Structures are given as structure tokens and as C-alpha cells.
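The values are calculated or read from the model by the stated rules, or taken from the named source; none is laboratory data. A quick note: this is a predicted structure, and the numbers were derived from the prediction, not measured. Cβ sites come from the backbone with ideal geometry, for glycine too, and all protein chains shown count toward neighbours.
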Amino acid sequence: MITKDNITGIILSGGKSSRMGTDKGFLSLNGKFFTQHVIDALRPLVSEIIIVSNNSDYDIFNQRRIQDIITDAGPVAGIASGLKSSKTDYNLVLSCDIPLITLEVLQLLIDNATNEFDIIQIESQGKTMPLVALYKSTCKEKFIKLLNEDERRLRFAVNQCKVKTVTLPLEWAKSVMNVNTPEELKQLKMTIHIKYFGQIAEVTQIEEETIEHDKATVSEFIKSLTLKYPSLKQKDFKVAQNKALVSNETILTGEEIAILPPFAGG
């Protein structure tokens, strides 16, 4: 069993963010920078968090920041830099542009670690994700050697190691979503208009509100609502999206949501 004392969190924040037009680590979701969301997911599982960035602005997160051993050499250099500075055998390596990352996904990586493999990476919707992965520190020698040979391709570097790929359940896919463009950020920050009826409105003390959300399914949305309005946990209610009753597994689309007491809507 791998304990947190033998795991370091490494956040790669050195990208140019050319498609976004601004540093993605400082984009905001639900009042927190993307980087802080990643830190919060890592913190329960690791002994230390390292941010790999040449930008001193990242010092506001109060984590150890290191610079790339080779500048402008992409994620291969970022990973090599983090592994070189790590004091532990295992390292959770994440890019800074996955603000929905969860502790459950990271624990899945740890649970799949064995002595046989150097890297445990996530696969989601048919795409492997070497920047949502668990790396052994021993990978650094191969990565540094490739850098010295002017090799910059991350997937090529990963494939020089012994790799295990773990397929993510479909319902967790959004948790590893990369936000690379303003359009993807807009999608992430989808707003929904909620109407509360009958007994539900008595609990919320309002009849309607518009909120920004990052939840994929009705079930996740309900969970966030009960955090905001704890008394809803004691209430039975139905959910309608665009005037049609929906199940907990339904994907939210950003349309109007109605929260209905049991007697309403049939």
C-alpha cells in the first residue's frame, strides 16, 4: 500500500496557453483559480505539492515552486523537473487546466499502482492522459536523457517506460476535462435558471435563481443544491429540465431547471 508520505503532487503550470490567450492556471471557476482546484484535490493524498513554473505569480499558492530544467521544452521537461525535485518514490502529475479533477480519480491511480509499472495513466473516452497520471521518480532518468537528445514528444517519452492505462468510468469523464479554449471555459461555466415550487420554495426561501455550475448530471447537481440548502435532504422532490421530468442520470444542458414537490408534475 502506498501512503501519502511516499507521494508528491506535481502540478505543471509552464504551458504557453496560446489557445486560451492567458495563463490557464489563473483562470477562475466557482471563485477559485484552476490551480487551487488541483491543489485541493491533491492535498489529502500527498506529502508535498510542487508547482513547476517559471512564473513567480504562482507563489501565491504557498506551495514549493520550481523552474523547468530546460525552458520552453514542454511537459517532458516539466515532468522531469518535478521528478528531479521530488523526495518520494511516487508522484501524482497533473496539468493545471483540469479544475474538475477529484480525489476519487487520483485515488484510482494510486490503487492501480504495482511494482511492475513505472507510470499509471488515465484513459477517458478513448484518450490516454499522461498528465493525469502516477509516475515513479525513477522515470526521471529516461525523461532527462530524451530531453538531452532533443526529444520533446510526451507520449513518446511515456512509452519508453512501463505504462499501465486505467479506463475512467464514463460518469467521471468530466472530472478530467482539459480547458484549452475560451469556448471550453464558457461550456464549463454553464449557467442554469432554477425555479423552486411549493414546499421546496419554502425551504430555499426563494422562488427562482440563476447560478453558474460545473455539474454534469442531475445527481451531481442535486448534491450541490443540498450543500447550499441542507434542509432539502429531508424533502422528496422531482427535477424537470426544459419542462420535462428527468432522471438523476440525465446530463444537464444549461436549460431551465424546475425543482418540484412530489405532488407536482405527475
Checking residue 116 against (1) outside any loop (DSSP other than H, G, I, E, B); (2) touching a Lys or Arg at 6+ places or on another chain (Cβ under 8 Å); (3) surrounded by fewer than 20 Cβ atoms within 10 Å (Cβ to Cβ); (4) assigned by TED's automatic domain parsing to the domain that holds residue 74, the condition it does not meet: (1)
Determine which single condition residue 177 fails, assuming it passes every other condition in (1) within 27 Å of residue 249 (Cα to Cα); (2) surrounded by fewer than 20 Cβ atoms within 10 Å (Cβ to Cβ); (3) assigned by TED's automatic domain parsing to the domain that holds residue 44. (3)
Okay, strands (runs of 3 or more DSSP E) sitting entirely in the range 153-258 with 2 or more residues that are farther than 23 Å from residue 27 by Cβ and in contact with a Pro (Cβ under 9 Å, 6 or more places away or on another chain), I get none
Of (1) farther than 21 Å from residue 166 by Cβ; (2) of a type outside the set (A, V, I, L, M); (3) in contact with a Phe, Trp or Tyr (Cβ under 6 Å, 6 or more places away or on another chain), residue 91 fails just (1)
Looking only at the range 49-105, and only at residues there that are among the β-branched types (Val, Ile, Thr) and out of contact with any strand residue (DSSP E or B) (no Cβ under 8 Å at 6 or more places or on another chain), the one that is nearest to residue 135 (Cα to Cα): 76
Checked the range 50-65 for anything surrounded by fewer than 20 Cβ atoms within 10 Å (Cβ to Cβ) and either hydrophobic (A, V, I, L, M, F, W, C) or under 24 Å from residue 163 (Cα atoms) (or both); matches are 60, 61
Restricting attention to the range 66-84, which residues are in contact with a Ser or Thr (Cβ under 9 Å, 6 or more places away or on another chain) and either surrounded by fewer than 20 Cβ atoms within 10 Å (Cβ to Cβ) or in a loop (DSSP other than H, G, I, E, B) (or both)? 66, 67, 68, 69, 70, 84
Residues (touching a helix residue (DSSP H, G or I) at 6+ places or on another chain (Cβ under 7 Å) and aromatic (Phe, Trp, Tyr)) located in the range 207-243: 229, 237
Among the residues that make up the range 50-65, is at least one of them among the hydrophobic types (A, V, I, L, M, F, W, C), outside any loop (DSSP other than H, G, I, E, B), in contact (Cβ under 8 Å) with a residue 24 or more places away in the chain and more than 24 Å from residue 121 (Cα to Cα)? yes
Out of 120, 98, 144, report the one residue that is within 17 Å of the chain's Cα centre (by Cα) and in contact (Cβ under 8 Å) with a residue 60 or more places away in the chain. 98
Residue set 87, 24; condition out of contact with any His (no Cβ under 8 Å at 6 or more places or on another chain), surrounded by fewer than 18 Cβ atoms within 10 Å (Cβ to Cβ), of a type outside the set (Val, Ile, Thr) and assigned by TED's automatic domain parsing to the domain that holds residue 162; output residue 87
So which residues in the range 223-252 are closer than 17 Å to residue 193 by Cβ, of a type in the set (S, T, N, Q) and surrounded by 12 or more Cβ atoms within 10 Å (Cβ to Cβ), if there are any at all? 224, 241, 250
